[in-house]
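Only the coordinates and a few stated rules stand behind these numbers; no lab work does. From a predicted model like this one, the values you see are computed outputs, not experimental measurements. Cβ coordinates were reconstructed from backbone atoms using ideal geometry, including for glycine residues, and neighbour counts include every protein chain displayed.
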Amino acid sequence: MPSSFPSAPDLLAVVRDFFETDILPAAGLDDDKRFNVRVAVNLLAMVERELRLGPEADAAEAARLSALVSDGGSISEKNRLLARAIREGTTASDDPQLLDHLRRTMIDTLRINNPKWLGDK
Amino acid sequence: MEALGIKTGQADVAAKLRDAVARLLGPPGDILELRRLTAGATKATWAFKAQVGNASLPMVLQLSNGPSRSGDDAALPLVAGREDAALMMAAAQAGVPAPPVRGVLTEECGLGQGYIMDYVAGETIARRILREPIFAPLRASFARQCGEILARIHRMEAKSVPFLTPFAAPRQIALYRSIYDRYDHPVPALEVAFRWAEDHLPATTGETVVHGDFRMGNLICGEEHIRAVLDWELACLGDPMQDLGWLCVKTWRFGGPGAVGGIGERADLFSAYERASGMVVNPAHVRFWEGWGCIKWAIICLMKGQSQRSVEAFAIGRRMEEPIHDFLGGSF
């Protein structure tokens, strides 16, 4: 699979470009459809960013989580344990290391989901 | 086939609407230019022109599906149908700009629950209201107008809307926490946020009618004035400061620089509200509701991402991290 061409992110980019340049400007799209096509185009861009940026964001999150949660294996297992620790009070909700981790995680997620929210393009 | 289905639905609505208009407003009731404005899972909005006597009246039909909602929508206290109409009429009586309700549907209308109201011309799209030069006069007094309108909403007599659910801060936090728990999708940042909310509950609170979703996007605006307040379905009895806080939540600034709807300043909102209501606004108290507003919107995004499989709902699901980011950064 890794050697199949074009790459997955490139496929998404081309499909998105097709919708933006060939479909959206077409006559006959009512407001509702036009709106939904725009949303769909944004989702394609989002998935493309996730494929390109996701692995590095995951690795960074996993590294930060390992410093905060010793048990559990996967990111989602560690997040489950961390969430419980915060709720039960064994991890302080104002712990600076925790808050720094959470802020970085949100920023990395927004770079994928909606970089404009960070003031980026 | 799908197009045929929509046409059939539209013709069916037109026929029943004609009878409803003739009965509720007056004959003949002919319907022209019927078009669907929105179509959600639980409600639909149609615009049309109705022939009543010699006049051709621009109107809106608001339909709601009533109590058979599934999942978490059922947990939230929502105002719909006849009660929604009664609430808007009570608001109008209290001097709040609300779309005039002209008739409430009955069972024999065959359209389910809903009501007919006047079409109020104006703009609701934030991008236009924030940027277009013709709205400059509105922008100059937007925060002040919001303060005045909210003061009138909070002065409404609770007796006139006895169906509203009490929904003060502790109950809201508990309800949204239970919704979050039910999804079993643990988010450490939300645990921090819920803890913050519980630790910062306002010490005192009034209990008034609360709009619940008063924000840019739900206001029909003219070039100088806010003409109508829409979307009353989240109304409840609770802390009036909730409405001031929600209005300033970063998401509802739509990228604009001002705290109030992306346009105005909190100081102007608060002073206008104080003048109109006779109450003193504690900024820290409002700040609680801005922070809680971030958390609430994040949970709503979570709900949307897990609800119907549609492009729009899933896209909202992926917005959950925006308000969490705002909350953690204290930029609310």
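Before moving on, here are some points about what is shown:
- Cut-off under 5 Å, modelled amide H: who pairs with B:LEU34 long-range: B:LYS49
- Rg(Cα)/(2.2 N^0.38 Å) for the protein assembly as shown, N = residue count: 1.05
- Angle between chain B longest axis and helix B:81-93 axis [Cα atoms, degrees, rounded to 10]: 70 degrees
- By the beta-carbon count within 10 Å of each Cβ, the least crowded to most crowded order of A:ASP71, B:ASP181, fewest first, is A:ASP71, B:ASP181.
- Other protein chain Cβ atoms within 10 Å, averaged over every residue that makes up A:30-43: 3
- Modelled label positions at B:ALA174 and A:GLU20, each set 7 Å beyond Cα in the direction of Cβ, lie 4.9 nm from each other.
- Positive-end ranking of A:LEU68, A:ALA92, A:PRO115 along the dipole of chain A, with charges on Cβ about the Cα centre, is headed by A:ALA92.
- Taking B:VAL311, B:VAL286, B:VAL260 in turn, the Gaussian network model of chain B (Cα-Cα springs below 10 Å) assigns the largest fluctuation to B:VAL311.
- Here the spin labels are modelled as points 7 Å beyond Cα on the Cα-Cβ line, and at B:THR106 and A:LEU11 they lie 5.9 nm apart.
- Taking the number of Cβ atoms within 10 Å of each Cβ as an exposure proxy, the fewest-first ranking of B:TYR176, B:TYR183, B:TYR119 is B:TYR183, B:TYR119, B:TYR176.
- Shielding by other protein chains, B:31-37, mean Cβ within 10 Å: 1
- Sites B:ALA121 and B:HIS185, calculated FRET efficiency, Cβ-Cβ separation with R0 41 Å, nearest 0.05: 0.45
- Think of it as helices only: each DSSP H run of n ≥ 4 in chain B is worth -39500 (n - 2.57), and spread over all residues that comes to -14000 deg cm²/dmol at 222 nm.
- Cα-projected label distance for A:LYS116 with B:ASN54, points at 7 Å along beta-carbon direction, nm: 5.0 nm
- Rounded Å value of the spacing that divides the Cα centres of the range B:148-226 and the range A:1-30: 41 Å
- With contributions of -39500 (n - 2.57) from each DSSP H run of at least four residues, the per-residue ellipticity at 222 nm computed over chain A stands at -23000 deg cm²/dmol.
- What you get for chain B, charging only the Cβ of Lys and Arg (+1) and of Asp and Glu (-1), is a dipole of about 420 debye around the Cα centre.
- Too-long pairs where the Cα-Cα distance tops 27 Å, listed order kept, from B:LYS16/B:LYS159; A:LYS116/B:LYS296; A:LYS33/B:LYS49; A:LYS33/B:LYS304; A:LYS33/B:LYS296: B:LYS16/B:LYS159; A:LYS33/B:LYS296
- For the peptide B:316-322, the mean number of other protein chain Cβ atoms found within 10 angstrom of a residue's Cβ is 5.
- Additional length obtainable on full extension of the chain from A:SER66 to A:ASP31, 0.36 nm per residue less Cα span: 7.8 nm
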